[in-house]
Amino acid sequence: MNIAQVSLDDVFTEVKKVNMRLESIEKALETFIDMVLPEEEIDEDEWNEIFKAESEIERGECITFEELKRKHEVK
């Protein structure tokens, strides 16, 4: 079969197969990550920092990397 003879149904069928394989790979990776990465507990202060950072991002606020290092006392 040459390229001119491929129907849209054939292409659609192949795309669906690829999508199913991709979903299978994604599920396997999620399972692997869950098995390998340790769970961390996040306390209320950490959640507040996360929410604060998300709000700053939404407002378009940013700081330089140097400012961030100074804030967290990193050399």
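Here are Glu54, Glu73, Glu66: which of them is in a helix (DSSP H, G or I), modelled with pLDDT of 85 or more and more than 22 Å from the chain's Cα centre (by Cα)?
Just a single option satisfies the conditions, and that option is Glu66.
Give me the residue from the range 36-51 that is among the acidic types (Asp, Glu) and not in a helix (DSSP H, G or I) and, out of that set, nearest to Glu61 (Cα to Cα).
Checked the range 36-51; the qualifying residue nearest to Glu61 (Cα to Cα) is Asp43.
Determine which single condition Ile33 fails, assuming it passes every other condition in (1) surrounded by 10 or more Cβ atoms within 10 Å (Cβ to Cβ); (2) in a helix (DSSP H, G or I); (3) among the β-branched types (Val, Ile, Thr).
Of (1) surrounded by 10 or more Cβ atoms within 10 Å (Cβ to Cβ); (2) in a helix (DSSP H, G or I); (3) among the β-branched types (Val, Ile, Thr), only one is false for Ile33: (1).
The values are calculated or read from the model by the stated rules, or taken from the named source; none is laboratory data. Remember, it's a predicted structure, so these values are computed and weren't measured experimentally. Because the Cβ atoms are built from the backbone with ideal geometry, glycine has one as well, and the counts that use them run over all protein chains shown.
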